[in-house]
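To keep things clear, I will list the structure first and then write my remarks on it.
Read the figures in this text as sums done on the coordinates, not as results from a lab. All of these numbers come straight from a predicted model, not from anything done at the bench. Cβ placement follows ideal geometry from the backbone for every residue including glycine, while neighbour counts extend to all protein chains displayed.
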């Protein structure tokens, strides 16, 4: 399965709550009627990594509670599943960013 550039742009825009074809800050000029972009792609990635880290910490806490005899095994499995999904998402986005960077570097000027 191949994800095109516009599909990725659209997905990032939806995740950030921004129209995928809207212009970034400063592109439309001082009289631009575009909505201001808050955070951008860097903030989106930072939030995603923070959520993944939180999921991993929650899974670790649930595991420690289970080992101590105070937790439920279902909670541990659920937390580990959520952490795995979050980590897989971060890795997938990282791979796409690296591939996009590689494609840009191969472009001829």
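Observations
- Semi-axes of the equivalent ellipsoid for the range 35-109, computed as √(5λ) from the eigenvalues of its C-alpha gyration tensor and ordered from largest down, come to 36, 15, 7 Å.
- Per-peptide packing, taken as the mean over residues of other Cβ atoms within 10 Å, places 47-59, 96-108, 63-75 in the sequence 47-59, 63-75, 96-108 from highest down.
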